[in-house]
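Peer 1: Before we start, here is the structure in question, set down as C-alpha cells.
Each value in this text was obtained by applying a stated rule to the coordinates, not by laboratory testing. Since the structure is predicted, the reported quantities are computational estimates derived from the model, not experimental observations. Every residue, glycine as well, gets a Cβ built from its backbone with ideal geometry; the counts of neighbours run over all protein chains shown.
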Amino acid sequence: MGFDGTLPPAAPAQAIRVVLADDAVLLREALAAALAAAGFDVAGQAADVPQLLALVAREHPDVVVVDVRMPPTHKTEGLEAARQIRAERPGTAILVLSQYVETRYAIDLLREDPAGIGYLLKDRVTRLSELTDAVRRVADGGSVIDPEVVSRLLGRSRGHSALDELTRREREVLGLMAEGRSNLAIAERLSLDPRTIEGHVGTIFSKLGLEPAPEDHRRVLAVLTFLRAPG
C-alpha cells in the first residue's frame with residue numbers, strides 16, 4: 001500500500017510464450033502475426049523438427065504449436081516431436097495442427113494424459129478467436145480436441161465400455177467436454193441452464209466411476225475414458 005493509502009498497481013500478467021513449427025512459411029508467419037497481435041509472446045518459429053527441438057530447448061515455451069506432418073517425409077514427424085517434447089518437458093503444452101481429420105493421431109497424442117494437449121484442424125485455426133482460445137486453454141492445462149474429430153470418435157463403433165451407460169445427452173456433453181469446453185460454454189452450446197449441465201457432468205463422473213476429486217482432474221479422466229474406449 002502506498003503512502004496515500006492506495007494499493008500499488010498489479011504486475012502485468014506474463015504473456016504466454018509460444019513456439020510455432022510448420023514448414024509452410026506463409027501459414028507459419030500468419031499464425032505468428034495473429035498470436036502476437038493477440039498478446040502472445042511468439043518466441044520463435046521452426047520449419048523442421050531439429051529447429052523445433054532446438055528452439056524448445058533454448059526458449060522454454062509455455063506452448064508448442066506444431067503441424068503433424070513435417071519434413072523430410074511429411075508423415076508423423078511433428079507428432080513424434082510433440083511426444084518427445086512432452087517426455088522431456090512434461091510442463092510444456094502442445095497444440096498439434098492437422099490438415100486432415102486423423103482420429104488415430106489425436107487418440108495417440110491424447111490418450112496418455114490429455115492435460116495441456118490440443119489437436120485442431122488447420123481450417124479451424126484460420127479463425128483467430130478459436131486459435132487463441134485453444135492456445136490459452138492448453139497453456140492452462142486443459143485439453144482441446146477439434147469438434148470434427150470428436151464427432152468421428154462419437155460415431156465410431158465400440159465394444160462394451162462404461163460409456164454405454166451414458167444417455168444420448170450425457171454423451172453429447174462428454175463430447176463437448178472433450179473439445180475442452182467449460183460447463184458454461186456447453187450450456188450455451190446446448191441452450192440449457194448451466195445447472196442442468198452441472199448435473200449432467202456429475203452424472204457422467206458417477207457413471208464412469210470417477211471418485212470425488214477436483215473437477216479439472218475428473219474432467220481429464222472423463223476425456224481419457226472417452227478416448228480409451230474400444231473402437
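Peer 1: Are any residues in the range 41-94 crowded, with 21+ Cβ neighbours inside 10 Å, among the small types (Gly, Ala, Ser) and under 18 Å from the mean Cα position of the chain (by Cα), and if so, which ones?
Peer 2: 78, 81, 82, 93 - these are the residues of the range 41-94 that are crowded, with 21+ Cβ neighbours inside 10 Å, among the small types (Gly, Ala, Ser) and under 18 Å from the mean Cα position of the chain (by Cα).
Peer 1: For the range 12-40, what are the residues that are surrounded by 14 or more Cβ atoms within 10 Å (Cβ to Cβ) and among the charged types (D, E, K, R)?
Peer 2: 17, 22, 23, 28
Peer 1: State all residues of the range 35-53 that are free of Cβ contacts under 8 Å to residues at least 12 places away in the same chain and under 16 Å from residue 85 (Cα atoms); if no residue qualifies, say none.
Peer 2: 50
Peer 1: May I ask you to list the residues in the range 177-205 that are surrounded by fewer than 22 Cβ atoms within 10 Å (Cβ to Cβ), of a type outside the set (Lys, Arg), free of Cβ contacts under 8 Å to residues at least 24 places away in the same chain and part of a helix (DSSP H, G or I)?
Peer 2: Within the range 177-205, 183, 184, 185, 187, 188, 190, 194, 196, 198, 199, 202, 205 meet the criteria.
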